[in-house]
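Before any comments, here is the structure.
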Amino acid sequence: MNKKLFEPPVIKRMHTGMPGKNGTSGIIEPISHIDNNSVSTLISLFGSPLFVLSEKTIRETCRKAVDTFQSRYPKVQFGWSYKTNYLDAVCQVFHQEGSWAEVVSGFEYDKAIRNGVDGREIIFNGPDKSEEDLIKAANNHSYIHIDHFDELYTLIRLAENIEVKPRVAIRINMETGLFPKWDRFGFNYENGEALEAVRKILASGKLDLVGLHTHIGTYVTSTSAYRIAAEKMAAFAMEIQGKFDKRILYLDMGGGFASLNTLKGAYHNAADTTPGFDQYAEAITGPLIRAGFDPDNMPLLILETGRALIDDAGFLVGTVLATKRLADGRKAMILDFGVNLLFTAFWYDHMIHPVREMTGTTEDAVVYGPLCMNIDMIRDQMKLPLFQKDDHVVVSRTGAYNMTQWLQFITLRPNVIMIGMDGKPNLIRKAETLDSLVQNEITPDHLLP
C-alpha cells in the first residue's frame, strides 16, 4: 500500500490576487492534447521542456487576418515579421500562405533569401543596415525602408555605383495618442522631418520613392491609434502627390496588433480587451478608402503583423521539478524551463495549464524556472491546482518572440516541433548539445587540457 503524500500545515497570509472585471481567476482547464497529440506522449518522444507549434492554427489565423482585410480594401499584402519567429518552417508556412518577408537585419534578410523569397517581396526595415546590406537589397529590388538621415545619405552615395535605382520608402513616426510615443524610429510627421526626407530623396534623383511606412507601437489595443495613423499616412501620400507629382505605390502600416496574452499589471483579461482583426481592419482601411485616392490606383496596403498571427499557435510544455514552501508560507513551484526560454514572461502573465485532470483545490503560488537567478520567475502569483513533482504543464500562447529571444543560459535550448496539417509532429529545430554549443569556440593551444 502506497502512503499518500503529506505536507505539514502552515499558517500563511491569504493572497487573493488582483480581482478583474469578472472577479478573481477560477480553475484553469487542463490541456492534455495539442492537435490531437497527447502532451505526455510528445514529452516522451521529444523531451522536456519542449516547444510545440501548430501548423493548422498558423494557417487558420493567417487566412482569417488576410480575408478580414481583403474584404474591406482592394489591395492588401501581408509581410511575415521574421523577428517574431524566424524558424524556417514557420516562415515557410507564412510564405506558402502568400506573405512576403519583413526583416530588420542583414541576418534576417539573408535568411529570407535562403528561404527562397524573391528579393522583390522583401521589406527591409530597421535602423542598422550595413552598406553591404543596402547594396544587396538594392540589387535584389527589395523595398528599403529608410530610418534616419544618415542612412538616407549613405544610400544616395551608394546609389552612384549601383546599376539599379534603389526602391525606397521612409519610416514615419507620428502622434497617435499612444504613450510612450515611438519616435526613436523614422522621421517625424508633425515637425516636417518626414517631408524634408521626401524632398531630399526626390531631389537626389538617385532613389525611387515608392512607399511610406509606419509602425506606431507594440501590443496596441487602441484601434483609434491605427485610425489616426492611417489618416495621416493617407494625407501625407496625397500631399506628396500634389506637391511633387509623385504617386506613392504603397502604405505600410506595420504591425503591433495585440494577442490574447494578458500584460502584467493589466486590470482586465486580454480576452476582454484585445480587438479582433475586424476592428483593426475597420480602423485602418476606412481612412484609406475615404482619403480621395484614384479608385483605379489605390495604394497597396502592407501589414507586418507578427504576434497576433503566431502567438496562439505556440505552446511550451514542461515538467514540475519540485514544489516547496517559501519563508512566508507561500507555495512555490519550480519548472524545468524559465525566463531563458519563456522570455515573454517578463511582460505577460502567461497561463500555465495542467495536463491531467486535477482536483478543484487551488492555492496561490509563485512559479519559478530552474535557473540559479532570482529573476527567473515565470509568475509572481497565480492560483494553481496542487501540482506534484513530475507533473506536466503547458504554457499557452508562446509562439511569438520566445523562439527568437530565447537565451542559451545555464541550460541548453530544447527541441522545437511543429504538428503538421496531417496531425503528425515534425522536429523543426533540434535541441542544442554541448558540441553544438562549443562548435564556434576556439581555445588557444596553451589553454588546451
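Just so you know, all these numbers are worked out from the coordinates, no wet-lab data involved. Everything quoted here is computed from the prediction, not taken from an experiment. Using ideal geometry, Cβ is built from the backbone for each residue, glycine included, and neighbour counts are taken over all protein chains shown.
Observations, loosely collected:
- From the list Leu50, Leu87, Leu45, the one residue that fits, being among the aliphatic types (A, V, I, L, M), surrounded by fewer than 16 Cβ atoms within 10 Å (Cβ to Cβ) and in contact (Cβ under 8 Å) with a residue 60 or more places away in the chain, is Leu45.
- Count - residues of segment 85-106 that are assigned to a helix (DSSP H, G or I) and over 17 Å from the mean Cα position of the chain (by Cα): 2
- The sole residue among Ile146, Ile216 that is within 30 Å of Leu260 (Cβ to Cβ) and aliphatic (A, V, I, L, M) is Ile216.
- Of the listed requirements (1) in a loop (DSSP other than H, G, I, E, B); (2) touching a strand residue (DSSP E or B) at 6+ places or on another chain (Cβ under 9 Å), Leu316 misses just one: (1).
- Taken over segment 376-431, the criterion of being touching a Pro at 6+ places or on another chain (Cβ under 9 Å) and either assigned to a helix (DSSP H, G or I) or of a type in the set (Val, Ile, Thr) (or both) is satisfied by Val393, Val394, Ile410, Thr411, Ile417, Ile419.
- Of residues in segment 288-299 being in a helix (DSSP H, G or I) and aliphatic (A, V, I, L, M), the one nearest to Gly211 (Cα to Cα): Leu288
- Looking only at segment 232-250, residues that are in contact with a Leu (Cβ under 9 Å, 6 or more places away or on another chain) and either in contact (Cβ under 8 Å) with a residue 24 or more places away in the chain or within 15 Å of Leu303 (Cα to Cα) (or both) come to 11 in all.
- Conditions (1) touching a His at 6+ places or on another chain (Cβ under 7 Å); (2) touching a residue at least 40 places away in the same chain (Cβ under 8 Å); number of the one not met by Val164: (2)
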